[in-house]
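Accompanying notes for the structure given below.
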Amino acid sequence: MAERAADPAQTAKAREAEEAEAIARCVRGDISGYRWLYDRYGQPLLRSAFRILGRREEAEDAVQDTFLKLYRHIGNFKTGSRFSTYLFRILINTCTDILRKREAGHPASTTDMDVPVHSGHEVRHALDEAVTALPERMRACFVLCAVEEFTYVEAAGMLGLHIGSVKVSVHRARKKLRDWLAASPVFEGDES
Amino acid sequence: MSCTKYDDFEVGRIGAGEMKRHLETCAECRNQAALDDRLTRETASLRRPVGDAGLWDRIEARLVEEAGTVRGEVMKRTPERARVTFLSGFFRFARPAGVAAAALAAVGLAVWFLLLRPAPESPSGLMADAALARVETEEREYAAAIKELEAKAGPKLAEMDFSLMALYKDRLETIDAQIERCREAAAKNPWNAHVRTYMLAALRDKQDTLGRILAQE
């Protein structure tokens, strides 16, 4: 018997309702609400932090601090606005603080990734490094729009930038990565 | 790169139709388009899950600690503020000759405060036996209600759309794992109020989720 096709609208609606309920639990100080949000957003947050910071440990610290800040300021979240934008804005600010501290303390290249994520494919790892080597703003715009698939408007809200700046940054990042890809021996003939 | 048509296409200066026609004659732009396709495919691979072992446990510990700190500060602040008000009022009206007597009174007050006053409620999150018994009763009631709901929700879940069913199953598994972790923590220290609060929240969450499954049309 064929499976009935899932109604994406219904699924999205159910998920939105669950999210609203989780947020309400967070506002009441109930930690199970935060657990729900972690299950939903933990991976994209960690991935984005890792690509922006280039270091695994700092990325985990950034996600941890993001949840702590969320706990302290959840009351400021306005119902009706998109929660993911609010949450990622906290993450981006946290990552920016970490980068500033890093620059002030012991300057280091942004490409010194301590641990490759889940090792694996050479091509993916090379692309990871290429993304991490992009200039800071370009990198954040590319990670949010191209990797995590947020819209330009959402990314602009998270980064506090004008939508035009985000579009240009993503375009420049793609161009740089294409040039890098064309010159990289890792990509020659590798279509797997 | 001498031809800039692909850049123009990317920023929306020329449309897809014009670009398609251009690609037929320009090898440089064809190469850019191929590289772009490749980049899009490889970028998708960057969305694979990353290892986060133990991260939630660390976050949870920080949140519980934060919750404890906030409660502890509220408890500590109130009596201190009251003492400061009382002493500053006293010194404002005392004559200089009475300072020694005031100091004596302050020492007496400190001795009373440290040794004789009734013990304040512990900010460490430990519960009294009576409160623990109430919490355990409530947990048992939740568990019984959940058992009944689970029996009814099972067939309902089986009838659902696959994706919705997967969503609810995922959620129930997450809550069950949470309840299990709480039970383990509560077995080690039954008087830990944070753990019991968390457990009750998880049980309530499960009851609500099962209720929503049953309410689905």
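Where a number appears in this text, it was derived from the coordinates with a stated rule and is not lab data. Computed from a predicted structure; not experimentally measured. Note that we place each Cβ from the backbone using ideal geometry, even for glycine, and neighbour counts take in every protein chain shown.
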(message) out of contact with any His (no Cβ under 8 Å at 6 or more places or on another chain), over 20 Å from A:Ala133 (Cα atoms) and in contact (Cβ under 8 Å) with a residue 60 or more places away in the chain: is that true of A:Phe67 in this structure?
(response) no
(message) Are there helices (runs of 4 or more DSSP H) fully within the range B:1-73 with at least 2 residues that are touching a His at 6+ places or on another chain (Cβ under 8 Å) and under 25 Å from A:Leu181 (Cβ atoms)? List them.
(response) B:5-10, B:27-45
(message) Within the range B:178-194, take every residue that is in a helix (DSSP H, G or I) and touching a residue at least 24 places away in the same chain (Cβ under 8 Å) and give me the one that is surrounded by the most Cβ atoms within 10 Å (Cβ to Cβ).
(response) B:Gln178
(request) With the condition kept exactly as written, say whether any residue in the range B:167-176 is more than 28 Å from B:Glu60 (Cα to Cα), hydrophobic (A, V, I, L, M, F, W, C) and facing another protein chain (nearest Cβ under 10 Å). (result) no
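Can A:Ile98 be described as of a type in the set (Val, Ile, Thr) and at the interface with chain B (Cβ under 9 Å from one of its Cβ atoms)?
no
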(message) So in the range B:1-55, with the set limited to residues that are of a type in the set (Val, Ile, Thr) and either within 26 Å of A:Leu127 (Cα to Cα) or within 46 Å of the chain's Cα centre (by Cα) (or both), which one is farthest from the other protein chains (Cβ to nearest Cβ)?
(response) B:Thr4
(message) Give me the residue from the range A:32-71 that is within 11 Å of the chain's Cα centre (by Cα) and of a type in the set (Lys, Arg) and, out of that set, farthest from the other protein chains (Cβ to nearest Cβ).
(response) A:Arg51
